[in-house]
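Data block below; observations after.
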Amino acid sequence: MKFSLLLLLGMLLFCHGYSQTGSFDTAFGDAGTVKLKLGYPNFSVGAVAVQSDGKVLVAGGAFNATDDFYVTRFLANGTVDKNFGESGVVYADMPGSDKAVKIIVLADDRFLVAGQSYQTGISRSYVIRYTNEGKRDNTYGQNGTVYIDAEFKDMVLLPDGKLIVAHGGSQNLMCFSADGIRDNKYTTAINPSDASFRTSALSLSSKGNILATGYYGWSLDQQFLACLNPDGTLDKSFGEKGVTLFSGLGTSKFMKVNLVQSKDGNIGILFDDGSNQQRSYFKFSASGKIYNIGINGLLKVPIDKTRFYGFRCVFDQDGAIYIAGTARNEQQVNQFAVLKFDSDGKPVPTFGDAGQSTTLFSASRHEAEIPFVRPDGSIVVAGFDYAEGRYQAAVGLFSTDGQQVANFAAGTNSSIAVGTGKSRNGLGKGIIVAPDGSMHVAGLVRNGEGISLVVAKLKADGKLDESFGEGGRVHGSLEQNHETLYDFYLSIDGTQLQMAKDGSGNIYVITTELDYFRGKIGPTLFKFTSDGKVDMAFGGRGKLHIPLSDNSREGFPLGLAFQKSGQLIIGLSERVGDIGNHLLQLRRVNTNGTFDKSFGSDGVLIDPQFHGREGERSKACRLVIDKQDRIVMAGSYGLYGFNNFAIVRYTAGGELDKSFNGGMVTPQWPGTSVIGHAIAIQEDGKIVAAGSNSPNSPIKLVRYLPTGALDLDFGEDGLVNNVTVAGDVSRLALQSDGKILYHTGRYSDDIALDHGYMQVGRLNPDGSIDQTFGNKGSVSVSRATVMQDKNGDMGIAADGRIFLVGSTELQPDYGIHQDMVVYGLQNKMEVFKPELLSFDPLIAGNGASITVDGVGLKGVTKVSVGGTPVKSFVVKSSSRMVLTLGDGATGDITAEIGTQKISIPGFTYVPRPVITPDVSLGLIKGNSVLLQTPSYPGFTYTWYRYIDVVQSGSSPTYRTSQPGSYTVRITKDGFTDTSLPAFVTVEFALPADNFTISATSASCRGINDGSISLTAKNSMNYTAILTLAGIKTEKVFTDKVSFDQLAAGTYELCLQVSGEKDFKQCFTLVVTEPEKLSVFSMLSENTGKLHLQLTGADRYYIELNGKLFTTNANEFELQMESGANKVIVSSDKNCQGIWEREIINSNTLMAYPNPVEDILYLNLGNTGTEKKIFIYNTMGQCIYQDKVTQTVTSQINMRDIVPGIYLLRIKTEKDEKTFKIVKK
């Protein structure tokens, strides 16, 4: 199902029209696609043996159409035996993928070849017998072959001609006769009670017994050495009843194991774990006792990895150890090499240089895989010859003292191609397109256990240019560890191969490979001539290893570019330390492949700004050179893992260019950090760069002026933030019309997703998205029908055609066959001009914001809508502006750029709806109001009361009698606008004269006989609530109500109507009472008249010495008689009380009454104008004093004085008198 879905997705992506810009160019290859199978003959070396006449047999696996195993033979002088098999090689096709791993030469020079075949997870073993001429001996087994349904481990030939084979099964030894017939009665049981014992290696003892070693235990983490009799039974005299158990390796079941008994009887076991640092060695006596060498019997045989890279190892008859591998000669070319150690695991000083063989000064690279010690002690090695990118089988010879024999395998017939050029995997990584559309593409191809760099040349129509290299291609050999080959192959991403072409057409490619002698993955630079050959005069025979810093873990290429001198600038990213810090290295390479020491500091520049230090992590990507030969790079610069986009520039001589904003600029996009991936320089010197935050994040672009300032005419203030295409940008390309192409891709490591594809997008010169390209500015490219496409690089021809190189049908983790692929896309270049493309919303009104998208909008000076200028506008970027409408009109949106006008039609202006009522919004209950808004043809009107829809349709009016907040929303063609709310209120009302209210006062003070009465004109169910000082009295009535027996006070009377919860009418009423009778008297000493001030009554009765006076006034005077006068004052209401006093009209000083309770009256007489009054207690303390003038009488308030006896002293100008006063 997923395959069909992916195919459908591909159809959806690309059926939108091939004539469209960005669609496949059907004139290129197969409808726009070229799949390249750029394989090379490759093979593995599994076994080597020497026949009696000195001829050398080499066997292994050939990676061809059926993955056969092969046997090839070299003559005693090291040249290919063309009479063997078919021109020197024999193939055998077993079911599945085949590999030979053991050769035994028989006495008559016939030979047995054993190995295994893997097919769909099943492993089978086979042994084939060949004649001396290389033909299968059909008299052996079944048509020359013995089959075993288990993995092959080892075999040994007994003196009687029987063959013992160890396989991957339990108690795993089988016996075959000399004719290849299995002896079904032959059984072995190294440990009958433990089925975990697995034999890995066999050898023949000096007594003709079988020595076997291997692993046991649940995790196969223990080792054993056993000695068996020829019949398969244990030799009880050996070890502990035939077996010696030992340990120290841990889980080591995948190691290659070598086993031998030397002439002195000692037994050696060497475990080859594939490490380039050591081998694990155990030594036993002939009786099976382990020697105490190393640590607990385990000796680590050391290898100097700076001088030698080791592969397989063997013993000789003396127990000496030989390890085959490669060493680098003075020409920096790898050559065959051998290490020798004695039976105690120590280097043999007389062998070569302190135990390491010498190497020849051969022009081509050699690697020895397996050694074989001949009877005379000389050592034959079998391995690879990498001559000018060719992978061929070859052999070498070393003398007994470790000298490589120079005349062995000399001449043109010294190696042979094995297998065919099948390409199991192809990863396209780089492309250079010539103006005429022809191109060079570079990448990696994997065939079996090997990876090769490949460069191919294609014609403009997509066909291989067979005048280039061999059939249109040339290969470059890469150093690699076959044990980790596939992981290394998949780890190579698009930024780890860069290529460049010089003015003579030579091709330079830099990629990563495993440097054997530094133990690091580092960059190597290859040079190929214009006709497709390895330039052997360049560097070390066509390749140049780029040195890394001492503390680097690995290095990856960032870019190649030529300066005007023809010298090549290379950029590297080195990873240092354990937390993955990076530093930037730049070097300049001369045309002959040497480093220019005048560049930077002694030939190298390590950027201090891009150097990872103190937790900083920096990484640069891509490299270009401007017209002044300055070096410009894009990458990232950050602190503690937070990466920021960075562009740095250096002078032509390799120094930081301080004129470029101090050397580095770091653009910032809002809300995200961005890592720089690609960079390009325009004809005007402006720098365009692109990157993203992650493979799943949209890409960002930026443009700088040559001075290091942001180009504010690009995107939005120099930045482009609106591209929706995601991924790591592998390339920026500049069209001749100024438009900018970017290439990225999506690839998933999750096999279940299957959605990898390449993407190409295009921007206008101002940074706006070119909507005419592909699908609104970008196109996704994939023709994978089963798995995924993965992007590599992009190039552009002079006519604008776009070419993408990458891989197709790529499946992570499983190594499904895939091809290098080149896609050709149509493209049209034209003069860029401003244009309005779209706007949103399509309908709006006053104050609304309209977003207008287009291209080339930076120079807009005026905008109008329907001929009416907008209220304001802001140009956000070259592709977007935002308008704010004033009073507008329906019509075109028009922008002016200088004298040019650009327009886009279709805008409709609609004012915001306004609700108007036909009457006041404040209703009396029972009435209604008509709400209405202007009518617009084709609109839908939705009326809301609060949030509830009360009416929807084409009517612009709505009538209601309900209170609430009302709004109307108008909609049409996606436009919507809502009015401000209109608030309708509904009130209950009564006539203003509905209530008649009266209040009756209390008849006298202290008597609660006041009242309030009410009469209603409209009879209803009323409730009257009377409140005084918080105390409420409630009565229900229909037309009349009264409240009686009321005390004097201010009352609130509130009226409510049953059923009208919002109605309430209140009145304030006062019930009064008569005031208290109050009289103030004053006697004039000059006239003898008594002046009275009266309050509290409407009518007063005054009696003087028995004579009655009546008055309604508040003031009254009486003429006093000389001496004592009795005055009585009363009112028309007896409850107000009587005021009665004795008034003395005399000049004699007097005080009365005495004793006194409250008021003490004084008669001061005509004794002068000033009188002083004092009161003393019995302690002589003055407790009261006063001064009065122009008065005959006065009074003192004694109410608050403590009862007792006091002295009153009155002093005038003429007299002084003291009275004894008693206070009750």
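Quick note: the coordinates plus some simple rules give every number you see, no bench work behind them. What you are looking at is a predicted structure, and each value in this text was computed from that prediction instead of being measured. Please note: Cβ atoms are built from the backbone with ideal geometry, for glycine as well, and neighbour counts cover all protein chains shown.
Hey, any idea what Rg/Rh is for segment 798-878, computing Rh the Kirkwood way over Cα pairs?
Expressed as Rg/Rh, it is 1.29.
Out of LEU259, MET94, THR884, whose Cα points farthest toward the positive end of the dipole of the chain (charges: +1 Lys, Arg; -1 Asp, Glu; placed on Cβ)?
THR884
Let me spell out the model: positive unit charges on the Cβ of Lys and Arg, negative unit charges on the Cβ of Asp and Glu, origin at the Cα centre of the chain. What dipole size does that give, in debye rounded to 20?
With only Lys, Arg, Asp and Glu charged at Cβ, the dipole is about 900 debye.
I'd like the per residue volume of the convex hull spanned by the Cα atoms of segment 916-987, given in cubic angstrom. Mind dumping the intermediate values first?
Details: hull volume 5.5 nm³, N = 72.
Spelled out: Cα convex hull of segment 916-987, divided by residues, is 77 Å³.
Can you list the aspartates and glutamates whose alpha carbon is less than 18 Å from that of LYS1064, not counting same-chain residues fewer than 8 positions off?
GLU987, ASP993, GLU1034, ASP1039, GLU1052
Towards the positive end of the charge dipole of the chain, with charges on Cβ (+1 Lys, Arg; -1 Asp, Glu), say which of GLY1010, GLY654, PRO869 has the farthest Cα.
GLY1010
When a/c reaches 1.5 or more, the comparison of a/b and b/c decides; with that in mind, is segment 1146-1224 rounded, prolate or oblate per its Cα gyration tensor? Before the final figure, lay out the partial values.
Details: a/c = 2.02, a/b = 1.61, b/c = 1.26.
Judged from the Cα gyration tensor, segment 1146-1224 comes out prolate (a/c at least 1.5, a/b above b/c).
Given a cut-off of 23 Å, name the pairs among LYS457/LYS527; LYS289/LYS340; LYS925/LYS1061 whose C-alpha atoms lie farther apart than that in the structure shown.
LYS289/LYS340
Among all the lysines, which ones have a C-alpha under 22 Å from LYS862's C-alpha, if same-chain residues fewer than 8 places away are not counted?
List returned: LYS833, LYS871, LYS876, LYS901.
Against the empirical 2.2 N^0.38 Å scaling, what ratio does the C-alpha Rg of segment 816-951 come to?
1.67
Quick one: dipole size for segment 835-909, taken about the Cα centre, charges +1 on Lys/Arg Cβ and -1 on Asp/Glu Cβ, in debye to the nearest 20.
So the dipole magnitude of segment 835-909 works out to roughly 220 debye.
Rounded to two decimals, what is the ratio between the C-alpha radius of gyration of segment 1069-1122 and 2.2 N^0.38 Å?
Working: Rg = 13.7 Å, N = 54, 2.2 N^0.38 = 10.0 Å.
That works out to 1.37 for segment 1069-1122.
What whole number of Å gives the distance from the Cα centroid of segment 156-225 to the Cα centroid of segment 712-729?
Taking the Cα centre of segment 156-225 as reference, the centre of segment 712-729 is 69 Å away.
Highest mean first, what order results for 115-125, 852-862 on Cβ atoms within 10 Å?
Going from most to least packed, we get 852-862, 115-125.
On a 20 Å Cα-Cα criterion, which of the cross-link pairs LYS776/LYS972; LYS1187/LYS1214; LYS1089/LYS1133; LYS162/LYS207; LYS102/LYS236 come out too long?
Violating the 20 Å Cα-Cα cut-off are LYS776/LYS972; LYS1089/LYS1133; LYS102/LYS236.
For segment 877-996, take N as its residue count and report Rg(C-alpha) divided by 2.2 N^0.38 Å. Numbers along the way, then the final one.
Values: Rg = 21.2 Å, N = 120, 2.2 N^0.38 = 13.6 Å.
Scaled against compact globular proteins, the figure is 1.56.
Determine the principal axes of the Cα atoms in segment 995-1071, then give the extent along each, sorted from largest to smallest and rounded to whole angstroms.
Dimensions of segment 995-1071 along the principal axes of its Cα atoms: 41, 24, 16 Å.
Taking only the alpha-carbon positions of segment 686-735 and ignoring solvent, what does the Debye formula give for the base-10 log of I(q)/I(0) at q = 0.29 Å⁻¹?
Values, matching the q order: -1.09.
What percent do you get for the relative contact order of the chain when only Cα pairs under 8 Å and 6+ apart count?
Contact order relative to length: 5 percent.
Using Cα-Cα distances under 8 Å and only pairs 6 or more residues apart, what relative contact order does segment 560-729 have, in percent?
Working: 418 pairs, mean separation 23.2, N = 170.
Relative contact order comes out at 14 percent.
Can you give the three extents of the C-alpha atoms in segment 178-302 along their principal axes, from longest to shortest, in whole Å?
44, 34, 29
So what's segment 162-248 giving for Rg/Rh, alpha carbon basis, Kirkwood Rh from the mean inverse pair distance?
0.95
Hey, how many Å between the Cα centroid of segment 1185-1220 and the Cα centroid of segment 876-923?
96
Report, in deg cm²/dmol and to the nearest 500, the calculated mean residue ellipticity at 222 nm for the chain, where each DSSP H run with n ≥ 4 adds -39500 (n - 2.57) and the sum is divided by the residue count.
-500 deg cm²/dmol
For the chain, just the Cα set please: Rg and Dmax, both in angstrom.
When restricted to Cα atoms, the chain yields Rg and Dmax of 57.4, 185 Å.
Starting from the eigenvalues of the Cα gyration tensor, five times each then square-rooted, give me the equivalent ellipsoid semi-axes of segment 642-769, largest first, whole Å.
The answer is 26, 17, 14 Å, longest axis first.
Under the classification rounded if a/c is under 1.5, otherwise prolate if a/b is larger than b/c and oblate if not, where does segment 560-729 fall, given a ≥ b ≥ c as square roots of the Cα gyration tensor eigenvalues?
It is oblate, given that a/c is not under 1.5 and a/b is not larger than b/c.
Can you give me the orientation-averaged projected area of the convex hull built on the Cα atoms of segment 87-236, in nm²?
That works out to 9.9 nm², a quarter of the Cα hull's surface.
Taking every pair of Cα atoms in segment 835-909, average 1/r, invert it to obtain the Kirkwood radius, and report Rg/Rh to two decimals.
Numbers: Rg = 10.7 Å, Rh = 11.7 Å.
Rg/Rh: 0.91.
What does the highest-first list of 547-560, 280-293, 894-907 look like by mean Cβ count within 10 Å?
Highest to lowest by the protection proxy: 547-560, 280-293, 894-907.
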